[in-house]
Amino acid sequence: MKKTLTLAGSDSSGGAGIQADLKTFQENNVYGMTALTSIVTMDPENWSHGVDPIDVKIVEKQLSTILSVGIDAMKTGMLGSVEIIELGAKKIDEYQLDKVVIDPVMVCKGDDEVLQPENTDAMRELLLPRSLITTPNLFEAGQLAQTGPIKTMDEMKQAAEKIIELGAKNVVIKGGKAFDHEMAIDLFYDGKEFTILE
């Protein structure tokens, strides 16, 4: 069985983070291992999010445990700090990982403010060039590509081109239900050809 690492936050609701990753791994018959970067909780009164980071030394211990076993692929989610982004990049290089999915989580669902703006530069510089594929949503794609808000398919394509220029080998921009369209629309780009996924 293939072994996969998720380096991400824990979502107490089970709808995102390592909980969602493990469910996805299981559905695809791969063995999932987790290195927690933060714990996300929700206020039952207004559903606002609380994010409690895990100390980077503990994150490194988790990664050492997992990487000593050996993995076939790695995925990132909410990383929480520049130090954890730097640690992730270091481990990718140290273990020569080439099947790396970068999900550049910048905000909790329902929020529209970047949690830690300084992380975006670190992701752009350190993680995108090491990714086999990156999977930003519209907001994240606009932040990575520095294009601002994305509202059209042409703007999605422009952002995808810029993200490939930053070093990602492939990109899926998750448009989802954001457009006024009867279907959810995502965009895949491999640096040569655009594929619209409906």
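What to note about this one:
- Taking all C-alpha pairs of the stretch 26-78, those more than 12 Å from each other amount to 72 percent.
- Computed from phi, the 3J(HN,Hα) profile of the stretch 121-137 under the Karplus parametrisation 6.51, -1.76, 1.60 (θ = phi - 60°) reads 4, 5, 4, 4, 7, 9, 9, 4, x, 9, 9, 6, 8, 10, 10, x, 7 Hz, with x in place of Gly and Pro.
- The ratio of the alpha-carbon radius of gyration of the chain to the globular-protein estimate 2.2 N^0.38 Å is 0.99.
- Per atom type, the chain shows carbon and sulfur on 50% of its accessible surface, probed at 1.4 Å.
- Loop GluC sites (Glu not before Pro), the stretch 1-79, which have at most 10 other Cβ atoms in a 10 Å radius of their Cβ (DSSP): E45
- Leading residue at positive end of dipole, the chain (Cβ point charges), from V40, A20, P117: A20
- Our helix-only sum for the chain, with -39,500 (n - 2.57) per DSSP H run of n ≥ 4 divided by its residues, gives a mean residue ellipticity at 222 nm of -10000 deg cm²/dmol.
- Given charges at beta-carbon only (K, R positive; D, E negative), |dipole| of the stretch 115-198 in Debye: 180 debye
- Antiparallel %, DSSP beta bridges [both residues in the chain], to 5: 40 percent
- Counting only aspartates and glutamates at least 8 places from K23 when in the same chain, those with an alpha carbon closer than 20 Å to its own are D11, D72, D103.
- Placing a label point 7 Å from the Cα of T24 along the Cα-to-Cβ direction, the residues of the stretch 42-83 whose backbone N falls under 12 Å from that point are 74-78.
- Computed E for K3/E125 - FRET, C-beta separation, R0 35 angstrom, nearest 0.05: 0.80
- Probe 1.4 Å, accessible area per residue of the stretch 16-158, Å²: 52 Å²
- Our coupling estimate for the stretch 154-161, obtained by passing each phi through the Karplus curve with A = 6.51, B = -1.76, C = 1.60 and θ = phi - 60°, is 4, 5, 4, 5, 4, 5, 4, 4 Hz, Gly and Pro reported as x.
- Given K91/K192; K61/K162; K61/K177; K2/K90, the pairs whose alpha carbons are separated by over 32 Å: K61/K162; K61/K177
- Extension gain for S68-Y95 works out to 8.8 nm (0.36 nm per residue, less the C-alpha to C-alpha distance).
- The mean of 1/r over all distinct Cα pairs in the stretch 1-62, once inverted, gives the Kirkwood hydrodynamic radius of 12.4 Å.
- Close amide H contacts of Y31 (hydrogens built in the peptide plane, cut-off under 5 Å, sequence separation of 5 or more or a different chain): K2, K3, T4.
The values are calculated or read from the model by the stated rules, or taken from the named source; none is laboratory data. Since this is a predicted model, take the numbers as computed values, not measurements. Counting neighbours? That spans all protein chains shown, and the Cβs are built from the backbone with ideal geometry, glycine included. Note: areas computed on protein heavy atoms with side chains; ligands, DNA, RNA excluded. Shrake-Rupley method; radii C 1.70, N 1.55, O 1.52, S 1.80 Å.
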